[in-house]
1. Considering only residues that are of a type outside the set (S, T, N, Q) and within 14 Å of Val16 (Cα to Cα), which ones fall in the stretch 65-107?
2. Is it the case that Arg31 is part of a helix (DSSP H, G or I) and closer than 23 Å to Phe17 by Cα?
3. Quick check on Glu61: is it among the acidic types (Asp, Glu) and either crowded, with 16+ Cβ neighbours inside 10 Å or free of Cβ contacts under 8 Å to residues at least 40 places away in the same chain (or both)?
4. In the stretch 89-100, how many residues are out of contact with any helix residue (DSSP H, G or I) (no Cβ under 9 Å at 6 or more places or on another chain) and under 13 Å from Asp14 (Cα atoms)?
5. Looking for something within 13 Å of the chain's Cα centre (by Cα), assigned to a strand (DSSP E or B) and of a type in the set (A, V, I, L, M) - is there at least one such residue anywhere in the stretch 70-77?
6. Kindly indicate the residue of the stretch 83-107 that is within 12 Å of the chain's Cα centre (by Cα) and touching a residue at least 24 places away in the same chain (Cβ under 8 Å) and also surrounded by the fewest Cβ atoms within 10 Å (Cβ to Cβ) among those meeting that condition.
7. Given the options Gln110, Gln80, name the one that is surrounded by 10 or more Cβ atoms within 10 Å (Cβ to Cβ), touching a strand residue (DSSP E or B) at 6+ places or on another chain (Cβ under 8 Å), modelled with pLDDT under 95 and not aromatic (Phe, Trp, Tyr).
8. Identify the single condition in (1) buried (at least 18 other Cβ atoms within 10 Å of the Cβ); (2) not in a helix (DSSP H, G or I) that Met48 does not satisfy, given that it satisfies every other one.
Amino acid sequence: MPNYQSSENPKDLDNVFQALADPTRRAVLARLTEGPASVSDLAKPFEMALPSFLQHLKVLEESGLVTSKKEGRVRTCEAQLTRLTEAEEWIAHQRAVWEGRLDRLDAYLQSLQSTDKE
């Protein structure tokens, strides 16, 4: 079976799923889908030290799900939803593969049932 990769670097998709595996990072990404936000605004809802929160942002940036830019003393983050689209395409491909397999299994089981009735 071919190994489906939507991006040029096979590690890219792994990094996206690793970033999405953590509830804090998912919450940050969900917030950023509403629009850009400063690091301090993003960190407010979480009960953790800023250095710990910055590690979460680093993972999101390394995965390509978030970009940030510094203007003066404020670092602003923004979601990069293209990376989510790549993950969605991979999931859709996997779903199609497994639905096909299950359809073939169902057809096989139906044929066994009809053979037993004869």
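The values are calculated or read from the model by the stated rules, or taken from the named source; none is laboratory data. Predicted model only: the values in this text are computed from it and were never measured. Reconstructed Cβ throughout: ideal geometry from the backbone, glycine too, with neighbour counts over all protein chains shown.
1. Within the stretch 65-107, the subset of a type outside the set (S, T, N, Q) is 65-66, 69-75, 77-79, 81, 83-84, 86-93, 95-107.
The answer is Leu65, Val66, Ala79, Leu81, Arg83, Leu84, Glu86, Ala87, Glu88, Glu89, Trp90, Ile91.
2. Working: part of a helix (DSSP H, G or I): yes; closer than 23 Å to Phe17 by Cα: yes.
For Arg31, the condition - part of a helix (DSSP H, G or I) and closer than 23 Å to Phe17 by Cα - is met.
3. Values: among the acidic types (Asp, Glu): yes; either crowded, with 16+ Cβ neighbours inside 10 Å or free of Cβ contacts under 8 Å to residues at least 40 places away in the same chain (or both): yes.
Yes; evaluated as a whole, the condition is true for this residue.
4. 1
5. No, because not a single residue in the stretch 70-77 is within 13 Å of the chain's Cα centre (by Cα), assigned to a strand (DSSP E or B) and of a type in the set (A, V, I, L, M).
6. Pass one, the stretch 83-107, residues within 12 Å of the chain's Cα centre (by Cα): 83-91.
If we keep only those that are touching a residue at least 24 places away in the same chain (Cβ under 8 Å) too, we end up with 83-84, 86-87, 89-90.
On the way: Arg83: 22, Leu84: 16, Glu86: 16, Ala87: 19, Glu89: 14, Trp90: 17.
Top of the filtered list is Glu89.
7. Working: Gln110 fails: touching a strand residue (DSSP E or B) at 6+ places or on another chain (Cβ under 8 Å).
Unique residue meeting the criteria: Gln80.
8. (1)
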